[in-house]
1. Looking at residue 136 and the list (1) of a type in the set (A, V, I, L, M); (2) out of contact with any Ser or Thr (no Cβ under 7 Å at 6 or more places or on another chain); (3) not in a helix (DSSP H, G or I), which single condition is not satisfied?
2. Being among the aliphatic types (A, V, I, L, M) and surrounded by fewer than 20 Cβ atoms within 10 Å (Cβ to Cβ) is the filter here; which residues of region 85-101 pass it?
3. For region 57-89, which residues satisfy the criterion of being free of Cβ contacts under 8 Å to residues at least 12 places away in the same chain and under 15 Å from residue 152 (Cβ atoms)?
4. Quick check: anything in region 136-144 of a type in the set (Lys, Arg), open to solvent by less than 70 Å² (accessible area, probe 1.4 Å) and at pLDDT 85 or above?
5. Got at least one residue in region 41-54 being open to solvent by less than 60 Å² (accessible area, probe 1.4 Å) and modelled with pLDDT of 65 or more?
Amino acid sequence: RDYLTCSALSHASLIAERVTVADNVFEDEPNQEPERKQRQIEDTDETRYLKELAASEEQFEAKRKLIATSCSKLVENPEGQIKLLPPLVALCVDPDAQIAKLALVSSALVFKDISPGYRLREVGSKENLDGLSKAVKSVRVFENTLLREYKLFLKHAESTARGQAKNMVGSNIRRKALQLAAVKSLCQLVEPLRDFNMATTLAQSIAGKLTHPNKDISSACYKAIANLLHRGMGLPTIQAVVKRIAGIAREAKGEVDTSIV
């Protein structure tokens, strides 16, 4: 009887030990739930990034098409499609440097093509068009919009050329490319629009960049001013350019490239 009792106790002890070990095994097993949740978070972040990337690419393509379509329609029918000019000029300061660069270059080409070879009459924004014929109203709206947006374009381009535009962010290479695009946009307008509004202001702006540290910018400005003077402009503009160059030489105490003088 004692033998059986000891055997039974030993067996019971062994079973209890195994149960304890089994319990410990389950207790020591790592909780998989936090890791599973972390993977779900990572998947969500990646999915969100991909969606944002796709949306960004779609937005870029939409803006690119808007620029191309607007330019085409404005050149084909300036007066009838003048409403497309403000959105185009607004893209010159788009947060996306590539879009801004494309808009600057495209806008300059549009202004070069649709601007008249004479000065437009400066009028207030609240000009009363009542009593005018439909044809006259259409011309007035065209001229007012053209002049207003041209001034705004010059402001955007000048700000970008100075590196002061709000969208001048990102890599140094991208900023320099955008800055150069703005300067070249101004340069390609100074001679064709020499008889249009803001001609003297534009010429002075370009002359002021003749000694720019970026050789690409100073070279583009030099060619534009040289071409301007060779082709001939109004006396007030030539005087303003010469005065600006003289001011640059004086500030540099005569230490400027002799080709500029």
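1. Answer for residue 136: the failing condition is (3).
2. Once the filter is applied, which keeps residues that are among the aliphatic types (A, V, I, L, M) and surrounded by fewer than 20 Cβ atoms within 10 Å (Cβ to Cβ), region 85-101 yields only 90.
3. Those that are free of Cβ contacts under 8 Å to residues at least 12 places away in the same chain and under 15 Å from residue 152 (Cβ atoms): none in region 57-89.
4. yes
5. Yes, that holds for at least one residue.
The values are calculated or read from the model by the stated rules, or taken from the named source; none is laboratory data. Please read all numbers here as calculations on a predicted model, not as lab measurements. Glycine also receives a Cβ, built like all others from the backbone with ideal geometry; neighbour counts cover every protein chain displayed. Each accessible area value is taken on the protein alone, full model and side chains, heavy atoms only, with ligands, DNA and RNA left out. Shrake-Rupley method; radii C 1.70, N 1.55, O 1.52, S 1.80 Å.
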